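Below you will find the structure I want to go over with you.
The values are calculated or read from the model by the stated rules, or taken from the named source; none is laboratory data. The structure presented is a predicted model; accordingly, all values stated were derived computationally and were not measured. Cβ placement follows ideal geometry from the backbone for every residue including glycine, while neighbour counts extend to all protein chains displayed.
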Amino acid sequence: MRRLGPMLIATTILTAETNAQVHEPPLFAVFKASCVDTGANPDAVKSAVEAAGGKQHASGATAQPFPMTVITWDITVGGASLNVSAGTQQVAPVQNRPEENSNQCVVSSFVNDDASVEAIRNWVGVPPANVLRGNPTIYFFNYQEQGSARSTLPTAKTAYDLAKLEGHIWSLVVLQSQDGASVQLVHHLAPPIPR
């Protein structure tokens, strides 16, 4: 009977976690699994979305105004149809500005999902840098992330530059409208080491 105790506790915890995930609003659940858990890395996003049954919808790349790649998948979660896109952006150095590269992950829903928007705003845990009110309402967040802890960007230039150098800077854009919602997570990658 002693061995049954830990198994029963582990089963209860796993069941509780699984049930909690089932009740998350669709856009938020897909955002966490596809964008957050993968660190917005396009290869990891691809694996996560396809493992969840997502089907590739489109892909492409551009060279102008700067190199970008994107792949989009259609996925259905909890009866909701969503799109997930993942890609990269490379901005070459110009004058005094260094090269800036990023990984991006976007999840879009084509029905009202106010519950997901609220869950995402609570998840990020920092106040928005800007809010454009209307239909749609757009929330802009900029933050640093170390491990799984998110906090406001440092205001001191030295601390900000260090966070940027270490690749800890992220941006989040949440769009909320009467007939849809989307969330874009951008990881501003550490700048390449000069040669």
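Only one of these is more than 23 Å from Phe66 (Cβ to Cβ) and either charged (D, E, K, R) or within 14 Å of the chain's Cα centre (by Cα) (or both): Val126, Val106, Val174. Name it.
When all the criteria are applied, what remains is Val174.
Exactly one condition in (1) surrounded by 17 or more Cβ atoms within 10 Å (Cβ to Cβ); (2) under 23 Å from Trp170 (Cβ atoms); (3) in contact (Cβ under 8 Å) with a residue 40 or more places away in the chain is false for Ala33; which is it?
(3)
So that you can scan it fast, the table gives a plain yes or no per residue for (1) buried (at least 19 other Cβ atoms within 10 Å of the Cβ); (2) at pLDDT 90 or above:
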{"residue": "Ala10", "(1), (2)": "no, no"}
{"residue": "Ile13", "(1), (2)": "no, no"}
{"residue": "Pro25", "(1), (2)": "yes, yes"}
{"residue": "Asp43", "(1), (2)": "no, yes"}
{"residue": "Asp74", "(1), (2)": "no, yes"}
{"residue": "Ser85", "(1), (2)": "yes, yes"}
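Can you name the residue in region 129-145 that is of a type in the set (Ser, Thr, Tyr) and under 17 Å from Ser177 (Cβ atoms) and is also surrounded by the most Cβ atoms within 10 Å (Cβ to Cβ) among such residues?
Tyr139
Residue by residue through region 77-130, note down the ones that are among the hydrophobic types (A, V, I, L, M, F, W, C) and assigned to a loop (DSSP other than H, G, I, E, B).
Hits for region 77-130 are Ala92, Phe110, Val111, Val126, Ala129.
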